[in-house]
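S.K.: Can you keep this structure in mind? I'll have questions shortly.
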Amino acid sequence: QVQLVESGGGLVQPGGSLRLSCSASGRISRIVGMAWYRQAPGKQRELVASITSDGTTNYRDSIKGRFTISRDNANNTVYLQTNSLEPEDTAVYFCNADIKLFWSSPVRNYWGQGTQVTVSS
């Protein structure tokens, strides 16, 4: 059983920062890719940033230069440093990972339960 557990969300004023963390636990052979998504009320879930096992990153245009994704492969953890937060960044942020449970098994996709980020004065 694989679990992704996020932490680090909260209430922050515009211009503030938060560091989100997501740790994967369970029987894991290899984490191929990790990503952060977000979903605001009444809107579709959208990809925020992703990172491959070799560190290649990808960001949506609206957060480029403000957010940074990183990962700790040894601890199966992905981070999202969010700076210069804007009210439009308010959403539930979800961790997502493509994981191989065994060396020979196919890649499976997993989601965390989400952490709320609220940007408001």
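None of the figures in this text is laboratory data; all of them are computed from the coordinates on show. Every value quoted in this text rests on a predicted model; they were computed, and no experiment measured them. A quick note on method: Cβ atoms are made from the backbone with ideal geometry, for glycine too, and the neighbour counts reach across all protein chains shown.
S.K.: What FRET efficiency, computed as 1/(1 + (r/R0)^6) with R0 = 25 Å and r the Cβ-Cβ distance, is obtained for T56 and S121, rounded to the nearest 0.05?
M.R.: About 0.10, to the nearest 0.05.
S.K.: Choose one of L101, A91, L20: the residue whose Cα lies farthest towards the positive end of the charge dipole of the chain (beta-carbon charges +1 Lys, Arg; -1 Asp, Glu; about the Cα centre).
M.R.: L101
S.K.: While we're on this one: At 1.002 mPa s and 20 °C, plugging the Kirkwood radius over alpha-carbon pairs of the chain into Stokes-Einstein gives what diffusion coefficient in µm²/s?
M.R.: Estimated via Stokes-Einstein, D reaches 148 µm²/s.
S.K.: Using Cα springs under 10 Å in a Gaussian network model of the chain, which residue among R38, R19, R60 shows the largest mean-square fluctuation?
M.R.: Of R38, R19, R60, the Gaussian network model singles out R60 as fluctuating most.
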